[in-house]
Structures are given as C-alpha cells and as structure tokens.
Amino acid sequence: MMVTVDAVTHERLVAEEVALNRMAGGLAAEIAHGEGEARAAAAAAKKQRQLRSAALRNKHRAAFLPMFKRAAQAIVRQEVKALRSILRRSRKRAVRADEEPPADDGALSLAMFDEEMAKFYEAFPDVIRRQFQPVVGAFAAVVQSVIYDDELGVDPPEDAADPDELAADFADDFADRHVGSAQGQLRAIVADSEEAGEDTEAAIDERLGQWEDGGDGAAVAWADKISGLESVRALASISKSSYAAAGISMLVWMAGGTSCALCDVLVGETTEIGGNFRDDGETVDPGGDSDAAPLKVRGEGGLPHAPLHSGCDCTISAE
Ligand SMILES: [Zn+2]
C-alpha cells in the first residue's frame, strides 16, 4: 500500500519540522551558551587561584626574608673579617719578604693578597652553602605546598624535587655567583687603583666597609641586597620547578607589589616553562615615554624568571 500525503498534511509536516528544528537550534545555542559560561567561570576561578597563589607565595617570601638576611649577614661578616685579616697579613709578609726594607714599610703585596684571596674563596662556598641551604630548604617546602595543595589541588607529583635538594642546588648556584662577584669586585678595585696610582689597600678597605653596612650610609649593605635578590630568585626558581613537575607548560610574569617601569614591561608576558622571558643580549624596553632606560639582559642563561634587577620583587605563575 502506498502512503500518500496530501498537500495540506505535507504543509503541516514541513511546518512542524521547521518548528522542531528551531527548538533544537535554540536548545543547542542554549547549551553552547551554558558551556561558554561554564568555561568562563572555570577560567575566572583559575585566574583567582593563580593570583591567590602568587600573593600567598610573596607573603611567605616576606616572612622568610629575615632568615635570608641573617644568612647573608653571617656570610658577609665572615667574608669581610677574613679579607681584612688577609690584607694585614699581605702587608706584613711584604715587609718580611723584601731583603731591603722597602721605602714604605707598610706596602701591600698585591700578589700575596690575590693569592690568599683566591685560597679563601676556594673554601668559602662551603660556608655559603651551610648558611643558605637550611633557609632555602624550609622556604621550598612551603612554596611547593602552596603550589600543589592550594593552587593546583594535586598530590605532590612523583618527580617533584625534594626541597632539600632544590635548596642544595640553589645554594651551590648562589655560592658560585657570590664568590665570582666578590673576587671580580676586588680584582677590579686592585687594577683600577693601581692604574690611577691610588692607595689600593684603602680602596679595598672602603669596599669591604660598603659590603658590611653600605659604607657612608647612603648605600645598601650587601646582605640586604643579597637577601632581597636571592629570596626573589629562590621563590621564582622553586615555583618554576614545582610547576614543571606538575606538568604545567606555560609561565606568566607577575608583579610582586612595587613593580617598576621596567618590570611593568614584563608583567603579563608568557613563555614556555623551558624558555626565557628574554634571552642573553635581548632588552626589556619600557618605551620612549618612560624615564627608565632599556635594560639589556646579560648572562648565558638569559632571563628565565624574576628577579629582573636588584630590588625587583616580581615572580612567576602558571599561565
Ligand atoms: Zn620586577
């Protein structure tokens, strides 16, 4: 039997189909809208967790800062004391070493000073590590907990670094940089004052005074600079390794609270977790309207995370 549809029924069926399609379309749009809203809400919640994590980690850094400072003070005090003693010894030995008493009895033997200084700095990294490692280790455990428990809501990943190992690596790296900087500064002073025919011993002594307490009071004691820079660096590098262990692939530069015109350029910039915000030789340029001059990033490793400069309190977060 053939089913025939008369014209009127056909019209009705078409109209019903159109209506049904409209309903379905509306429903699909509604679902899509709902999904969009859910996605937007999830993104907003994620942003909220990121901001809270960064704020919390910065707060912990502020709480740890006095401990970083005590460690840095112990390092610099011991260093200045040892170098003053080397200065004295190098002067006395210079007098004894000469067959003919030199015209100036108190002349400093620069060769002896350099030799003794090198010997001192060969052994000094152990002292630096002993001071820094416990502080950084305790800090790393707290930072990991904020990132895993609070921000990402995950169990610590299996390949998450042990806080003490992170601290050991960080302390080693800091010891290298500190010893390199100190010897570099002193050797530059020796070379400059020799060239200018100035009193080398007085010039060295002046720098040691600056390291101790900022010198004339206008400058900042070295321990303050160190604790500021290294606590920011520790926070950022521990955060980065924690994110990497959790499988996070992108990082974003975050302002700490007092970001300057230079740091403002980087705030909100993203990079892959294995990459750099700037490579060696690239600049951070605040633009012509700013009073701040562009800053060229130097160093083989480039700029993988904060700090950008002395006094920078920025950090990084998962993007
Ligand atoms: Zn900064």
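The values are calculated or read from the model by the stated rules, or taken from the named source; none is laboratory data. Treat the numbers as computed from the prediction; the structure is a model and nothing was measured. Virtual Cβ from ideal backbone geometry, glycine too; neighbours counted across all protein chains shown.
A few points about this structure:
- Among residues of region 239-264, those that are within 16 Å of the ligand (Cβ to nearest atom), assigned to a loop (DSSP other than H, G, I, E, B) and among the β-branched types (Val, Ile, Thr), counted: 1
- Among the candidates Glu165, Glu194, Glu272, residue that is more than 16 Å from the ligand (Cβ to nearest atom) and under 28 Å from Met117 (Cα atoms): Glu194
- Some residue of region 154-162 being part of a helix (DSSP H, G or I) and either surrounded by 19 or more Cβ atoms within 10 Å (Cβ to Cβ) or in the same structural domain as His60 (by TED's automatic domain parsing) (or both): no
- Against the test of being over 30 Å from Asp155 (Cβ atoms) and loosely packed, with under 13 Cβ neighbours inside 10 Å, the options Arg298, Arg278 yield a single qualifying residue, Arg298.
- All told, Lys59 falls short of being in the same structural domain as Gly209 (by TED's automatic domain parsing), over 19 Å from the mean Cα position of the chain (by Cα) and free of Cβ contacts under 8 Å to residues at least 40 places away in the same chain.
- Looking only at residues in region 240-273 that are over 16 Å from the mean Cα position of the chain (by Cα) and aliphatic (A, V, I, L, M), the one that is nearest to Asp159 (Cα to Cα) is Ala245.
- All of Gly301, Gly288 fail the test of being more than 15 Å from the ligand (Cβ to nearest atom), under 14 Å from Ser237 (Cα atoms) and not assigned by TED's automatic domain parsing to the domain that holds Lys240, apart from Gly301.
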